[in-house]
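Just so it is clear, none of the values below were taken in a lab; they were calculated from the coordinates. None of these values were measured; they are calculated from a predicted model. Here Cβ is always computed from backbone atoms with ideal geometry, including for glycine, and neighbour counts include all displayed protein chains.
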């Protein structure tokens, strides 16, 4: 799943949640209970929608502005308007409009580099693959620090960055431990084909988790 697919999936989830809210609102609306819907549920959904629209298109975009400036009529009709904006925004992402190209580019470049590492492993060029994996992982960790505005020294290695991110509560201890293990493996340069293949898959998973599905939150 590439960056665009992940963003579309997030929009689909919010659209599905909105459709559920709309059905609840509809039942209340047509029985004259226009304010009986849970304001907490509606507000939480609205906040998530605003966050996704802002992260995807920016605060000056027509998608975000349309959502922000929509006047509140009642829960039912307002939810319908919001859903229309979300569906149009999802379509814009699929067509490549307005989406932060630098974010997509970052994730796709890393995906491409990891693909190169796999080819090196398949060709028996393990040390070259290891060098690619180490460089990708270090760059990903640095990018997370930059996006989260976490201070770090340029000379910090993977282990140092892992500890920094753990201290900032960006990653759990289990992820920190895996990063430390990979760092030791790279330093010792003793990883075999199976170990490096597993390392490649883990880094891809880490990339998707922290610069894929979470990339919208980071920026």
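For the stretch 101-218, report the translational diffusion coefficient in µm²/s to the nearest whole number, using Stokes-Einstein at 37 °C, 0.692 mPa s, and a Kirkwood Rh over Cα pairs. Rounded, D is 228 µm²/s.
Taking other Cβ atoms within 10 Å as a rough exposure proxy, 81, 132, 68, 170 sort from fewest to most as 68, 81, 170, 132. A Förster radius of 30 Å combined with the Cβ-Cβ distance from residue 194 to residue 12 puts the calculated FRET efficiency at roughly 0.25. Between residue 23 and residue 135, the contour length at 0.36 nm per residue exceeds the Cα-Cα span by 35.4 nm. For the stretch 41-98, the spread of Cα positions along the three principal axes, ordered from largest to smallest, is 33, 18, 16 Å.
In nm, to one decimal, how far is the modelled label at residue 50 from the one at residue 174, with both set 7 Å along Cα→Cβ? It works out to 3.4 nm between the two label points.
Ranked by the mean number of other Cβ atoms within 10 Å of their residues, highest first, the peptides 122-130, 48-56 come out as 48-56, 122-130.
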